[in-house]
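Below you'll find the structure, written out as structure tokens, and then a few comments.
What follows draws every value from the coordinates through simple rules; no lab data is involved. The model shown is predicted, which means the values in this text are computed figures rather than measured ones. Cβ coordinates were reconstructed from backbone atoms using ideal geometry, including for glycine residues, and neighbour counts include every protein chain displayed.
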Amino acid sequence: MDVFKTFALDIKAMLDRLSAAGELPAGLDSSKLTVEPPRDTSHGDLSTNAAMILARQVGRPPRELAERLVQELTRLPHVAAATVAGPGFVNLRLTTAFWQSCLADILTAGSRYGDGDAGRGIAVNIEYVSANPTGPLHAAHARGAVVGDALAALLEKAGYTVTREYYVNDAGAQVEVLARSAYLRYREALGEEIGEIPPGLYPGDYLKDVAVALVERDGRQWLEAAEAEWLPAIRDFAIAMIMDWVRADLAALGVGIQVYSSERALVASGAVATALQSLTDRNLIYRGVLEPPKGKKPDDWEPRPQLLFRATEFGDDVDRPLQKSDGSYTYFANDIAYHYDKFRRGSRVLIDVLGADHGGYVKRMQSATKAVTGGEGVLDCMICQLVHLMQDGHPVKMSKRAGTFVTLRDVIDQVGRDVVRFIMLTRRNDQTLEFDFAKVTEQSKDNPVFYVQYAHARCKSVLRHAAQTMPDADLSPAALARVAVERLNAPEELDVIKRMAAFPRTVEAAADAHEPHRIAFFLYDLAAAFHGLWNKGNDNATLRFLIADDPALTSARMVLVSAVATVIACGLAIMGVEPVEELRG
RNA sequence: GGAUCCGUAGCUCAGUUGGAUAGAGCGCUGCCCUCCGAAGGCAGAGGUCGCGCGUUCGAAUCGCGCCGGGUCCA
């Protein structure tokens, strides 16, 4: 039910007819044909570049061709007028009746409004958060969590089949550091004086909780044990406990991870060897010596043969090591195995939502994914830039060294889940984002969360009032979908309708670009249009939604109001934000 | 030094995948409202889209080279 898509198909069919009739050459390439809303609405409702992209192929000037297309386009259903503009655009104006009919479509679709099939069921795996299991989630993790989660919902709405996944880095050096840090706290919990936490170990107080729980389970049994014995046990214990916290925090944020993948289990399963074999089969692995890093002094650099992946064949700058000098696999090798595993589980499109510190990792991982899947799998890496936490315009002080950081839970407790989720989507992911605790809870127009929620609450409030003043009227969406709406023809009303009609297109474009933030901006614009219509009622009482002596008009307006509430709720659902029914009290 | 992202109004940022006269919020200026349809409304000023080449019917958008900032790597 996407207006723009429908007309694009109509126009292509029309071109085919002209070709069949011999007026246009056969085999025209119309792949670059677009039908979109013009920037300036005074130009019309729809705009197509058909004449401009075909002019050269047809061998006629764009404007002349456009004039010819206008004659045909005027005959299409719902077209009120077609005109040529600028270098050869054809602008279409649709009938008011057509726009009015969109309201019933919205109400009939309900929460499914905007659902699309562009994804054609393609399996997509979105990996996000994936914080190391060495401590509780902190505020910085919120962004990736929300972006990943919203993108997952967005892709599902656009017809993809989505797996939401978290990669637990429970193998390697940092979890051993975790084990040692926890062991120190364990001895402390048993009465030992441990003094200051040595550098290189994790200082956070949360490990005291881990230690207490460990004492409760195991008593003093590790005190005299050798490290080789206690380390694996304490490591696994600490990881399990921290991952419980992580799951609880994500639940508090409303993030619905479906699959938690363990790096340790992956490695133990032999997946690394499988992945490397796949690369070997394609002749993409060799033993060789890397050039020293360019530019900087190679102090401790010495040439030594390593197992290397031919990343340069896929656009990377250098070939990448798969094994360290001691023969163990690099993180990169494990990551290749992991991405190959996701592919083998059925996903053809892989998306990694990553933090700003992973920028340098993108090229090599994309190269490796392409290589190990034989070109059948593609990887998109979305780098989320930093979030600057502010309080009334001043940065919130945090010190990693002192172990003081703002946890994700702190943020949720302070401003609420919905505010966190909405604000995290008010910037493109590759743009840094300011998060001001004071501003995001402010009730004013420059707070997008409030502004959008207010619009939804207003709709609901009006519907409640209508139910009171017209107790006999059936205001359910199904009933409203049958109400006559010819009298909704004020320019402001039609503007709101046209914006809502563009929602399916917005969903599809946002899904295609992997840009969930577009939904937030769409909702802000729709809310602004709706508030504008509301404000018109202050100057012009005939534009108010509730007209006491005109139940027919009031009912028609309720169709519009109900549709606005529906579309806002659809958008918020993608963002994972609960629409509010009322703001006061 | 290399990689990567960013650079758009005084500030914070959008910009419909290359379209027409580049938009919003805040701030500023001027009117209006301040009778719960409360948590503001209307209008106005404000721009060399970092700079320069190139690609084409057409560039904020794509390519290359600089300049500036963030992140990463050693």
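How big is the range A:188-283 by the Kirkwood estimate over distinct Cα pairs, in Å? Show your work: numbers first, answer last.
Working: mean 1/r = 0.0596 Å⁻¹.
Kirkwood radius, the range A:188-283: 16.8 Å.
Could you give the nm distance between label points at A:Lys32 and A:Tyr260, where each point is 7 Å from its Cα heading toward the beta carbon?
5.1
Relative to the longest principal axis of the C-alpha atoms of chain A, give the angle of the C-alpha long axis of helix A:491-501, reported between 0 and 90° and rounded to the nearest 10°.
Compared with the principal axis, the helix lies near 50 degrees.
Once each part is reduced to its C-alpha centroid, what is the distance from the range A:331-395 to the range A:475-523 in angstrom?
Comparing the Cα centres of the range A:331-395 and the range A:475-523, I get a distance of 34 Å.
Compare the peptides A:184-192, A:520-528 by average per-residue count of other Cβ atoms within 10 angstrom and give them in order, highest first. Write down the numbers at each step before the final one.
On the way: A:184-192: 18.0, A:520-528: 21.1.
So the peptides A:184-192, A:520-528, ranked by packing, come out A:520-528, A:184-192.
Tally Lys and Arg at +1 and Asp and Glu at -1 over the other residues with C-beta under 12 Å from the C-beta of A:Val84: what net charge comes out?
Values: positive: A:Arg63, A:Arg68; negative: A:Glu64, A:Glu67.
Net local charge, A:Val84 excluded: 0.
In square nanometres, what is one fourth of the surface area of the convex hull spanned by the alpha carbons of the range A:77-143?
Working: hull surface 41.6 nm².
With the hull built on Cα positions only, its mean projection is 10.4 nm².
For the range A:115-264, what does the alpha-carbon gyration tensor say about shape, rounded, prolate or oblate, given a ≥ b ≥ c as the root eigenvalues, a/c under 1.5 as rounded, and a/b over b/c as prolate?
Working: a/c = 3.24, a/b = 2.69, b/c = 1.20.
Verdict is prolate for the range A:115-264.
So how many Å³ per residue does the convex hull of the Cα atoms of the range A:3-94 work out to? Don't skip to the end; give the middle numbers.
Numbers: hull volume 7.8 nm³, N = 92.
Hull volume normalised by residue count: 85 Å³.
Order these by the 10 Å Cβ neighbour count, fewest first: A:Val210, A:Val483. Display every interim value, and only then the final one.
Working: A:Val210 25, A:Val483 19.
Neighbour counts put them in this order, fewest first: A:Val483, A:Val210.
Charges only on Cβ, +1 for Lys and Arg, -1 for Asp and Glu: so what's the dipole of chain A about the Cα centre, in debye to the nearest 20? Write down the numbers at each step before the final one.
Details: 64 positive and 76 negative charges, 244 e Å.
With only Lys, Arg, Asp and Glu charged at Cβ, the dipole is about 1180 debye.
Mind checking the dipole of the range A:482-585: about its Cα centre, +1 per Lys or Arg Cβ, -1 per Asp or Glu Cβ, Debye to the nearest 20? Numbers along the way, then the final one.
Working: 10 positive and 14 negative charges, 24 e Å.
I would put it at about 120 debye.
Which ³J(HN,Hα) values, rounded to whole Hz and listed in residue order, are derived for the range A:540-554 from phi using the Karplus coefficients 6.51, -1.76 and 1.60 in 6.51 cos²θ - 1.76 cosθ + 1.60 with θ = phi - 60°, glycine and proline given as x?
My calculation for the range A:540-554 gives 10, 4, 6, 8, 5, 6, 9, 10, 4, 9, 9, x, 5, 5, 4 Hz in order.
Search the structure for amide H atoms under 5 Å from the amide H of A:Val35, placed 1.01 Å from N in the peptide plane, and list their residues when 5 or more places away or on another chain.
none
Within 10 Å of each candidate Cβ there may be at most 11 other Cβ atoms; applying that plus a DSSP loop requirement, which trypsin sites (Lys or Arg not before Pro) in the range A:332-420 survive?
Details: sites: A:Lys342, A:Arg344, A:Arg345, A:Arg348, A:Lys363, A:Arg364, A:Lys370, A:Lys397, A:Lys400, A:Arg401, A:Arg409, A:Arg417; in loops: A:Arg345, A:Arg348, A:Lys397, A:Lys400, A:Arg401.
Answer by residue number: A:Lys397, A:Lys400, A:Arg401.
Quick one, can you get me the convex hull of the C-alpha atoms of chain A expressed as volume per residue in Å³? If you can, show how the numbers build up before the last one.
Details: hull volume 127.4 nm³, N = 585.
Considering the Cα atoms of chain A, their hull volume per residue is 218 Å³.
Helix A:331-344 sits at what angle to the longest principal axis of chain A, using alpha carbons and giving 0 to 90 degrees rounded to 10?
Taking the Cα atoms of chain A, the angle to A:331-344 is about 50 degrees.
Kirkwood Rh, Cα Rg: Rg to Rh for the range A:448-575? Walk me through the numbers on the way to the answer.
Working: Rg = 14.8 Å, Rh = 15.1 Å.
Dividing the radius of gyration by the Kirkwood radius yields 0.98.
Straight distance only, please: which aspartates and glutamates reach the Cα of A:Lys370 with their own Cα at less than 15 Å, same-chain residues fewer than 8 apart left out?
A:Asp281, A:Glu313, A:Asp316, A:Asp319, A:Asp335, A:Asp341, A:Asp352, A:Asp380
What does the net charge come to around A:Ser367 if you take all other residues with beta carbon closer than 15 Å to its beta carbon, with K and R at +1 and D and E at -1?
Numbers: positive: A:Arg282, A:Arg310, A:Arg320, A:Lys363, A:Arg364, A:Lys370; negative: A:Glu313, A:Asp316, A:Asp317, A:Asp319, A:Asp335, A:Asp352, A:Glu376, A:Asp380.
Counting the neighbours of A:Ser367, the net charge comes to -2.
With a ≥ b ≥ c the root eigenvalues of the C-alpha gyration tensor of the range A:373-456, is it rounded (a/c under 1.5), prolate (a/b larger than b/c) or oblate? Intermediate values should be presented prior to the final figure.
On the way: a/c = 2.36, a/b = 1.29, b/c = 1.83.
Because a/c hits 1.5 or more and a/b fails to exceed b/c, the range A:373-456 counts as oblate.
Step through the table entries A:Lys445/A:Lys536; A:Lys208/A:Lys363; A:Lys32/A:Lys445, compare each Cα-Cα distance with 29 Å, and write down the pairs that go over it. Mind showing how you got there, number by number?
Details: A:Lys445/A:Lys536 17 Å; A:Lys208/A:Lys363 40 Å; A:Lys32/A:Lys445 39 Å.
Pairs exceeding the cut-off: A:Lys208/A:Lys363; A:Lys32/A:Lys445.
I need A:Phe422, A:Phe4 ordered by Cβ neighbour count within 10 Å, fewest first. Working shown, then result.
Working: A:Phe422 26, A:Phe4 21.
Lowest count first: A:Phe4, A:Phe422.
Note the full-extension length gain between A:Ala13 and A:Ala473 as 0.36 nm times their separation in residues minus their Cα-Cα distance, in nm to one decimal. Each step should come with its number before you reach the end.
Working: separation 460, 0.36 × 460 = 165.60 nm, distance 4.35 nm.
The A:Ala13-A:Ala473 span can extend by a further 161.2 nm.
Counting other C-beta atoms within 10 Å, which of A:Asp380, A:Asp205, A:Asp335 has the fewest, and how do the rest follow?
Working: A:Asp380 16, A:Asp205 9, A:Asp335 22.
Arranged by neighbour count, lowest to highest, A:Asp380, A:Asp205, A:Asp335 become A:Asp205, A:Asp380, A:Asp335.
Using only DSSP helix segments of four residues or longer, with each worth -39500 (n - 2.57), what per-residue ellipticity at 222 nm results for chain A after dividing by its residue count and rounding to 500?
On the way: 20 runs with 280 residues, N = 585.
Calculated mean residue ellipticity at 222 nm is -15500 deg cm²/dmol.
Cα convex hull of the range A:508-585: mean projected area in nm², to one decimal? Write down the numbers at each step before the final one.
Details: hull surface 26.2 nm².
Convex hull of Cα atoms, orientation-averaged projection: 6.6 nm².
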